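For reference, the structure is listed below as structure tokens.
The values are calculated or read from the model by the stated rules, or taken from the named source; none is laboratory data. Model, not experiment: these values are computed from the prediction. Using ideal geometry, Cβ is built from the backbone for each residue, glycine included, and neighbour counts are taken over all protein chains shown.
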Amino acid sequence: MEDRILEILEEVNEEILTYDGDDMYGEGVITSVEVLDIVSYIEDEFDIEIDAKYVVSENFANKEAIIELVKSIIED
Amino acid sequence: MNNCVYDKVIIIGYGQIVNDCIKTLNEYRNKYGFEYIYIEYENTSISNSISLCEKEGINYLQIGDKQKLTEYFLEECEKTLIVSAGNFYIFPGNVVEKDNITIINFHSALLPKYPGRNAQTWAIFNGEKEAGATWHFVTKELDAGKYIIQKACRITENTKAYELTGEIMKVAHEAFVEIIENVLLDKYEKIQDLYIDPNRKIYKGKDIPGDGRFNLTDSVDYIYLLLRATDYGKSDIFPPMKTVINDKEVIISSYRLVDKDKEINKNENILSQSEKITDIIVDEKSVFIPYNDEKILRLRYKNTDF
């Protein structure tokens with residue numbers, strides 16, 4: 001699963017994979033449009049629904065946060 | 001010597017565009033020394049304008065009440081420029097007409113087309129090939145003041161509303177960078193010299209393309225257009241599109257134009273007999289609609305009574 005998420009992130013914006021900070025959105029590494037692209041691709045790939053309440057900058061802080069978010073939704 | 005005519009600059013709005021404009025204006029604050037405040041009227045889950053202000057040392061206020069915000073502007077007595085970017089507060093006439101206040105606003109359309117709400121949606125839905133941003137002076141009539149600058153961006157056959165929003169924000173900021181210093185120096189004519197039709201259509205928030213529904217018998221191009229035009233990701237600007245499947249009303253939870261061969265491989269149980277899919281195929285949670293020789297429009301749906 002992680003590999004597929006990383007592939008999606010690379011497809012949307014390859015800088016996500018090399019970013020090692022903890023505020024990817026705040027630092028302008030990704031845009032709000034890219035956040036929505038990631039959500040859309042992940043929902044489609046894993047047949048899950050990511051509720052709007054989870055679309056907050058903390059959950060898109062870096063690639064690890066995104067993977068953790070997807071895992072927690074799938075496990076719920 | 002050029003002098004800024006404003007003692008105070010207020011910026012109001014949310015999203016990427018306001019963040020970009022906050023940073024640009026901050027450079028001019030350092031140059032011209034005006035008092036500078038950001039006002040957050042609406043925020044979203046991913047809004048980070050306040051933290052940007054804290055980081056940049058910019059004063060800010062959070063005023064979520066329309067009446068209080070109006071009172072705040074009415075009490076303003078300094079020579080003030082208000083920059084409205086991604087802002088849903090509509091300035092009332094008594095604020096607009098204050099002698100000491102000038103307001104510029106960014107509208108997400110190439111005015112005079114698509115005044116009002118959700119301009120991107122209507123541009124896509126009406127098959128426009130381009131959309132764009134207009135910075136204009138604010139008057140009592142909505143989106144009708146003198147245009148300062150306009151910049152266009154393309155709409156492709158796959159553009160979704162949230163993607164177009166992002167593109168428009170980019171060109172809007174580019175345009176802002178071009179004009180802001182001359183706005184501060186009061187170098188633009190403020191009187192509208194174009195005829196604005198008093199009976200023009202002003203799009204309202206409650207207007208929804210296709211009345212929010214489609215039929216599976218509609219053309220696939222129309223269905224895809226309708227879904228793209230109303231797709232703002234997780235923002236609930238529009239309710240999910242509805243259609244009827246097997247005599248039951250359902251909502252469309254997602255849609256995607258997918259590669260036909262890959263989709264057949266992924267859904268062998270459903271599509272195995274359909275290497276040349278020419279008909280709509282419905283299963284318990286998806287609808288597959290032929291789009292062209294290579295693509296299928298795949299819709300995922302949910303019952304409305306869950």
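A few comments on the model shown:
- B:TYR224 being within 26 Å of A:ILE38 (Cα to Cα), more than 14 Å from chain A (Cβ to nearest Cβ), within 29 Å of the chain's Cα centre (by Cα) and modelled with pLDDT of 90 or more: yes
- Any hit, the range B:114-127, residues being within 14 Å of another protein chain (Cβ to nearest Cβ), more than 23 Å from A:GLU58 (Cα to Cα), outside any strand (DSSP E or B) and modelled with pLDDT of 95 or more: yes
- Residue within the range B:7-23 that is of a type in the set (D, E, K, R), outside any strand (DSSP E or B) and within 14 Å of chain A (Cβ to nearest Cβ) present: yes
- Some residue of the range B:75-84 being within 14 Å of chain A (Cβ to nearest Cβ) and either of a type outside the set (A, V, I, L, M) or without any contact (Cβ under 8 Å) to a residue 40 or more places away in the chain (or both): no
- Of all the residues in the range B:31-63, those that are away from every other protein chain (no Cβ under 12 Å) and modelled with pLDDT under 90 number 1.
- Here is the figure for the range A:1-54: residues that are closer than 22 Å to B:ILE168 by Cα and β-branched (Val, Ile, Thr) total 8.
- Tally of residues being among the aromatic types (Phe, Trp, Tyr), surrounded by 21 or more Cβ atoms within 10 Å (Cβ to Cβ) and in contact with a helix residue (DSSP H, G or I) (Cβ under 7 Å, 6 or more places away or on another chain) across the range B:112-166: 3
- In the range B:228-242, of all residues being within 20 Å of B:PHE288 (Cβ to Cβ) and either of a type in the set (Gly, Ala, Ser) or buried (at least 18 other Cβ atoms within 10 Å of the Cβ) (or both), the one that is farthest from the other protein chains (Cβ to nearest Cβ) corresponds to B:MET241.
- Selection of strands (runs of 3 or more DSSP E) fully inside the range B:58-107 by the criterion of at least 1 residues being out of contact with any helix residue (DSSP H, G or I) (no Cβ under 8 Å at 6 or more places or on another chain) returns B:80-85, B:101-107.
- Among the residues making up the range A:38-68, those that are surrounded by 21 or more Cβ atoms within 10 Å (Cβ to Cβ) and within 14 Å of B:SER235 (Cβ to Cβ) are A:VAL39, A:SER40, A:VAL55.
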